[in-house]
Structure formats: C-alpha cells, structure tokens
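Some notes on the structure that comes next.
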Amino acid sequence: MFKLLAVLALVSASVAHRYKGGIYRQTKNATYDYQNLTWDEAHEYEECDDFVDSYEEQDEGVGKDGAEALNDMHHFMSRHHPKRMEDICIDVEAGPVCPDFHRDNSAGHCGFETVIIPKGKWMVADIDMADEMGVRNAYKKKIFYKYRGPHKIRFVYPAIVKWELNKNGERVKGEIAMYLPAEHQSNPPKSEYNEVRIEEWDETKVYLRPYGGYRDDAEFKQQFTLLRRAVRRAGFGYKDNEEWEAGYTYLRYGRQRIEAMVLDSSYKA
C-alpha cells in the first residue's frame, strides 16, 4: 500500500487506523526519551524567552477517553514535543526515507531552525480551495491514485503543502507536493493525468518551527506568527506571499511532526 497513510499527518483523520507498517514500527523504536528532553533539545533550536509563555506542551500520550496511551505510543491528542528527524528518516526496512535537507539550528538567533532544501524533482497536485477536504483529496485522489500508486513509487518524507497568500495574508491557492525518491530523480515516470505534474524546484532556504500535533490545531497556525516574528528579529527577510507546511509522520499513531515554514526572500544557491 506504499505507506499511503503516512502523509495524512497533513491530510486526514478519517482513515487513521487502517494501516500500521514500517513507519509505525519506527515509532516504537524511538531513540529518545522525549519526556526528559528540554524544550530546546526536543525542537533542535533555541526558543525565544518571550515565546515560552504563549503555549504549553503536554508530552504524554493520551487516548481518546483521556486515559494514558498504551506504551506511550499512540493518540497524542494534545500538543507535545515533535518527533526528531533521527526518529523519522531511517526506516527499519527501507533505509533513508528523507531527501538530504541541510538543517541548521540558527545559532545566535532564537525561535526557528534554518533548512536548505536541495534542488530536485517533486510530484505536485493543486488543492481545490472550495473543498473542505482539499488537501486530503489532492493527495489521495490525485498524487496517490493517479501517480504514486500506478508507478509503485515508494514514500519519501516530507509531504509539503504550499500556500499562496494575498495581500491580507489569506490563503488563496494551494498545492501539495512530494519529493521523488532518488531512483526516480533523473528520469521520473511520465504522468498520464493533468492533475499531477512533475516540477523541478530550485534549491531553497526556509525558516521553520516544528510542531508536535496536527495541522488544524489553532496552536499550529500560531507557529507562523511566531516564526515571522523571530525571523524579522534576526534581521532576515522572507517572502510575504507564501507559506509552507511540511508533514513527516503517521497520523495519530505516535509522536507527530509538522513544520511551519517561510521562505527566505533573497537566497541564491
């Protein structure tokens, strides 16, 4: 099934319990005692002192009935420390499942991590902005059923949702994209459907805040506000007409990681 549901940390709760494969196993093989990590250790950058009182992270797995989750492995219903990249990008069976993003903790600044996304090819589909389930359907009905599935393309993290903003900061256009695995970068299969296209993206610098929770959380939306404030404070510029979300984890089974991103406005590779 090509790890269909791993993307649904960005996409949907409606199919959350159908499949537990290699990604679920790596949740059980986590290398960190997250509850004993400091905030900076868990997020892999230094937080700004004046941001700390704006939220709370309850780093315990909680079941739907409020009970503690078995083995602390599923149903993190409250905000929690995000899953670290080391516990995501090495699958126990498939090996590396992330492209080579260069990550930097933005030493000397607070409130964000700096990441270089390398030049590469992505499979991309438009999001229907009038569809309440537009993100989910753009992935499931377009990318998976019309491209990944027929071509048997393995899952590579992350799934990125790109939002175009108007002058009021409102989202007016969206796309969902997934990185093509290394074996398809030089010669990707041709898309037979106009709903899915292959794009080559230039190397890009982004600033981001990882979040342990879900993309519909009000606290996740707050990450964009805090991120922009921190980037401005550091003296860096960002594109004000675009914001991205990156999803890395299997929805509701175990620790989550989604990232709020803005793009550096002057970066040249």
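The values are calculated or read from the model by the stated rules, or taken from the named source; none is laboratory data. These numbers come from a predicted model, not from an experiment. As a convention, Cβ positions derive from the backbone with ideal geometry for all residues, glycine included, and neighbour counts pool all protein chains shown. Note: accessible area is taken over every heavy atom of the protein model, side chains too, but ligands, DNA and RNA are not part of it. Shrake-Rupley method; radii C 1.70, N 1.55, O 1.52, S 1.80 Å.
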How many residues are in contact with a His (Cβ under 8 Å, 6 or more places away or on another chain) and either at positive phi or assigned to a helix (DSSP H, G or I) (or both) if we restrict to the stretch 233-269?
3
Among the residues of the stretch 190-197, is any crowded, with 19+ Cβ neighbours inside 10 Å and among the aromatic types (Phe, Trp, Tyr)?
no
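Taking the stretch 88-108, which residues are assigned to a strand (DSSP E or B), on the phi < 0 side of the Ramachandran plot and either modelled with pLDDT under 65 or surrounded by fewer than 12 Cβ atoms within 10 Å (Cβ to Cβ) (or both)? Steps first, please.
Initially, the stretch 88-108 is screened for residues assigned to a strand (DSSP E or B), giving 90-91, 95-96, 102-104.
The next check asks that each one be on the phi < 0 side of the Ramachandran plot; those that pass are 90-91, 96, 102-104.
Correct list: Pro96, His102.
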Any pair with Cβ under 7 angstrom, 6 or more apart, that starts in the stretch 183-209 at a residue that is within 30 Å of His109 (Cα to Cα) and of a type in the set (Asp, Glu) and ends at one that is open to solvent by less than 100 Å² (accessible area, probe 1.4 Å) and assigned to a loop (DSSP other than H, G, I, E, B):
Glu203/Pro118
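May I ask you to say which residue of Ala246, Ala218 is of a type outside the set (S, T, N, Q), crowded, with 19+ Cβ neighbours inside 10 Å and either over 23 Å from Lys167 (Cβ atoms) or over 17 Å from the mean Cα position of the chain (by Cα) (or both)?
Details: Ala218 fails: crowded, with 19+ Cβ neighbours inside 10 Å.
Checking each option against the conditions leaves just Ala246.
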Only one residue in Lys140, Lys173 is touching a residue at least 24 places away in the same chain (Cβ under 8 Å), open to solvent by 80 Å² or more (accessible area, probe 1.4 Å) and over 24 Å from Lys268 (Cβ atoms), so which one is that?
Lys173
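For the stretch 189-232, how many residues are assigned to a strand (DSSP E or B) and among the basic types (Lys, Arg)?
3
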Can you run down the residue pairs with Cβ atoms below 6 Å, 6 or more apart or on separate chains, where the first is in the stretch 156-167 and under 30 Å from Ile90 (Cβ atoms) and in a loop (DSSP other than H, G, I, E, B) and the partner is of a type outside the set (Val, Ile, Thr) and open to solvent by 20 Å² or more (accessible area, probe 1.4 Å)?
Val156/Tyr179; Tyr157/Cys98
